[in-house]
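Worksheet for the structure shown next.
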Ligand code: LLP
C-alpha cells in the first residue's frame, strides 16, 4: 500500500512528497521510506494474530532488514518486539528504545539470534534481559557457564533446523538440514537432556526459520506442526516450552510476476496450524511469535537515483548509468534479484525503450536492472527503484569509497532526514596512518 501517486507536475509522490523535490533537497541516491506503509504492515501482522490466534502472540521485527534509530522506534511504537543478530543491532535497538523513553525492561521483547555469538554479545544480551536464541552446542555450554554468575536463570529458546524445503533462492534457504543454523533434529534428545540439567537456563521455547522471500503458506504450516511436535517432546524432558517462534520469511512483490500470500492469509495459516497441532497433541497454546523483516519494510521504501551517462552497444543493448549501484543495493549482484523502476519526473511519458540500468561501480556485474522498459531518458532524470526497504541499506557498503546514501522518512507531505548522507570525511574517519609511513615519505 505504498502511498504513491502522480502529482500535477507529472512527478511521483510518496507520502505526499515529490521525489524530484526530495532529490533537489537531499541529493541522490536517496532512500525514501514511507512511514504509513511501514506502520500499516506492522498493524496487519499484529491484527491478524489477534484475529486468528486465540493464544498470546508477539510479532518481532527482524531488524537485519533495516536497522537504524528511526525504523526501530516506529516499529516499537507499533508494539512490535525485535529480532537482533549482533551486538550492533542490539545496541541500535536499545538506543532507539531509550530515546523513546523506554529504559526499564527494554529487553523483554528483544530476541538475540546468531550462529556464532561472541561471549561479549551474550553478556550484553543477558545484562539487558533479552531472550537468547541458542543456536549450537558451544553456545549452550557458554550460557550454562555464564548462568552461574547470574541471579535469575537466563531466558533462552532453542533454534532447530526443521528440514523443510521451500522454493526460494538457494542462498536464502535456511530451514533444510544442511544449514549452518540451529541444532540438527537428530540431536534433539541430547539437547533437551542437557538443557533440562541446567538450573540457570530457562528454556522458554523453540525457534525455527526456514527461509526468505517465500510466497506459499504451506511451508510455515508444516513448520508449525513440527515445532508443536518437538515442544511435546521437550515437555517429556521436563522443559516448559511456552513460546514458539516460526521465524520470518514471507515474500513481497518485487515485480508483477511475484505473487506472495498476504500478511493476513499467512498469519491465519500459521496460527491455525499451531492451534490444530496443539489440539492434536493436547498441549496448551504457546505464545506464538513471528519475526518478519522483508514483508514489514521491503515495500515501504524506494531508492531515487539521478541518471547520468548512456552507452549504446548497437544491436545489443543500451546502458543507462545511475549515481549509485551495488553499494546501496547489493541484491541484484548477490541474488540476481529483480526490481521495478520508473522515471519519477516524467511519470506519464510513454515507455519507448528497453534499457539496462547500470550502477557506477568498477564491476561489469554492477547492474541494477536488466531490460527495463522506460521512457526515453536524459541525463538528470530521476530514476526510482521500488521495493528497496529490505536488505538494501542494511547490506550497503562503501565499495569504491562511495559514501552511503541519505535516507528520508516521508509522511503526509513531510520529509525528515533519518540517515545522513556519509561524507568523504566519514570515509576516512576510522583510517589511521602510522607515523612511520609519514616520516618515510618526507
Ligand atoms: N529470522 C531469522 C532467524 C532470519 O534469519 C531472517 C532472515 C528473518 C527472521 C527475516 O526473514 P524475512 O522475513 O526478512 O524473510 N539478504 C537476503 C535475505 C537474508 C535473510 C536472512 N534472514 C536478501 O536480501 O534477500
Checklist entry - Which shape class applies to the chain: rounded if a/c is under 1.5, otherwise prolate when a/b exceeds b/c and oblate if not, where a ≥ b ≥ c are the square roots of the Cα gyration tensor eigenvalues? => result prolate
Item to check | Among 135-146, 178-189, the order from most to least packed when residues are scored by Cβ within 10 Å on average | outcome: 135-146, 178-189
Checklist entry - Using Cα pairs under 8 angstrom and six or more residues apart, how large is the relative contact order of the stretch 127-243, in percent? => result 29
Checklist entry - Highest mean first, what order results for 319-328, 105-114, 332-341 on Cβ atoms within 10 Å? => result 319-328, 105-114, 332-341
Checklist entry - Any idea what angle helix 218-236 forms with the longest principal axis of the chain, computed on alpha-carbon atoms, 0 to 90 degrees, nearest 10? => result 30
Checklist entry - Does the stretch 198-324 classify as rounded, prolate or oblate by the C-alpha gyration tensor (a ≥ b ≥ c root eigenvalues; a/c under 1.5 gives rounded; else a/b over b/c gives prolate, otherwise oblate)? => result prolate
Checklist entry - What percent do you get for the relative contact order of the chain when only Cα pairs under 8 Å and 6+ apart count? => result 19
Next on the checklist: What's the ranking of 302-310, 415-423, 286-294 by average number of surrounding C-beta atoms within 10 Å, highest first?
Outcome noted: 286-294, 302-310, 415-423
Checklist entry - Between the stretch 123-140 and the stretch 43-94, how many Å separate their Cα centres? => result 18
Next on the checklist: Explain nothing, just the number: relative contact order of the stretch 34-297, from Cα pairs under 8 Å at least 6 residues apart, as a whole percent.
Outcome noted: 22
Checklist entry - Tell me, how many Å apart are the Cα centres for the stretch 380-424 and for the stretch 267-290? => result 40
Item to check | MRE, 222 nm, helices only [DSSP H, n ≥ 4, -39500 (n - 2.57), over the chain, to nearest 500] | outcome: -9000 deg cm²/dmol
Checklist entry - What order do you get for 437, 2 when you list them from fewest to most C-beta neighbours inside 10 Å? => result 437, 2
Checklist entry - Within the chain, what percent of beta bridges assigned by DSSP are antiparallel, to the nearest 5? => result 50
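Read-outs: derived from the displayed coordinates by stated rules, not from any lab. Just so you know, these numbers come straight off a predicted model, no measurement behind them. Glycine gets a Cβ as well: all are built from the backbone with ideal geometry, and neighbour counts include every protein chain shown.
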